[in-house]
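Heads up: the structure comes next, in structure tokens.
A short reminder: the numbers here are calculations on the coordinates, not readings from a lab. Predicted model only: the values in this text are computed from it and were never measured. Please note: Cβ atoms are built from the backbone with ideal geometry, for glycine as well, and neighbour counts cover all protein chains shown.
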Amino acid sequence: MSRVHSQDVKLAVMDKLAERGIKIEDIAKIVFEMQHPYQSSLTIPHCIESVHAVLNKREVQHAVLVGIELDMLAERGKLSEPLQSLVATDEGLFGCDETLALGSVLGYGSIAVTTFGHLDKHKVGIIKELDTKTANGVHTFLDDLVAGIAASASSRIAHRVRDLEEQEEREQEERERKERERAAKSVNSFPPPAPELDENAG
Ligand code: MG
């Protein structure tokens, strides 16, 4: 059997998210809400870019495909009991939906984990729409997966902003060092100053 290319998996993930009514912009809006208090220059396009970067990760892609597949099978009554009822009714103590999504954020560190916990509790934006039991269809896994993607994209932004700040600091230090070197060189190229006269001498 030939190997499944990650780019094909990414396309399948994008198709599935669209099919389930999730726009990348919806996830980006959650990322913006999470990170804007810390990064005042943050824009929605930055957040969209970060969501795409997260969706390029295999572990995230696989979690999304598994979770959405289970939601869709439950929607069609295709799971065996008692799993069918647990997923279809979004049983509060089921927990596998949160665990799958939590696993997918671990590669993005502690900010992703704590942001995921926050989103799981407070249901921001599209997550709230998916979580309300009145919404059409079964979204037992999808709400957590969206929270996971948003949490990872938020953490990625937090780390990247710090990386850029540190890079800017290093570049500034390098510019200052070169400036000092240039100044020292230009001083050295002048004729040496005459020795100062000692007024107390003689
Ligand atoms: Mg859920």
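Within the listed set Ala151, Ala183, Ala74, the Gaussian network model of the chain (springs between alpha-carbon atoms below 10 Å) gives the highest mean-square fluctuation for Ala183.
The long axis of helix 96-105 is offset from the longest Cα principal axis of the chain by roughly 20 degrees.
As a rough footprinting exposure proxy, the listed residues Met34, Met14, Met1 were ranked by other beta carbons within 10 Å of their own, and the order from fewest upward is Met1, Met14, Met34. The label point for Arg180 and the one for Val161, both projected 7 Å from the Cα toward the Cβ, are 3.1 nm apart. For the chain, the dipole from Cβ point charges (+1 on Lys and Arg, -1 on Asp and Glu) about the Cα centre works out to 580 debye, to the nearest 20.
By count of other Cβ within 10 Å, fewest leading, how are Ser40, Ser6 ordered?
Numbers: Ser40 6, Ser6 12.
Sorted ascending by nearby Cβ count, the order is Ser40, Ser6.
Listed here are the pairs Lys29/Lys57; Lys57/Lys78; Lys29/Lys78; which of them are more than 26 Å apart at the Cα? Distance filter (> 26 Å) returns Lys57/Lys78; Lys29/Lys78. For the chain, a Gaussian network of Cα nodes joined below 10 Å ranks Val161, Val105, Val138 by mean-square fluctuation, and the top entry is Val161. Per the Debye formula on identical point scatterers at the alpha carbon atoms of the chain, with no solvent, log10 I(q)/I(0) at q = 0.11, 0.14, 0.15 Å⁻¹ is -0.58, -0.83, -0.92.
Taking amide H atoms as placed 1.01 Å from N in the peptide plane, the amide H of Phe141 lies under 5 Å from those of Asp71, each 5 or more residues away in sequence or on another chain. Comparing mean-square fluctuations of Arg182, Arg162, Arg20 from a GNM of the chain with C-alpha springs under 10 Å, the top value falls on Arg182. When the GluC sites (Glu not before Pro) in segment 23-108 are filtered for DSSP coil states and for at most 16 other beta-carbon atoms within 10 Å of their beta-carbon, the remaining sites are Glu91.
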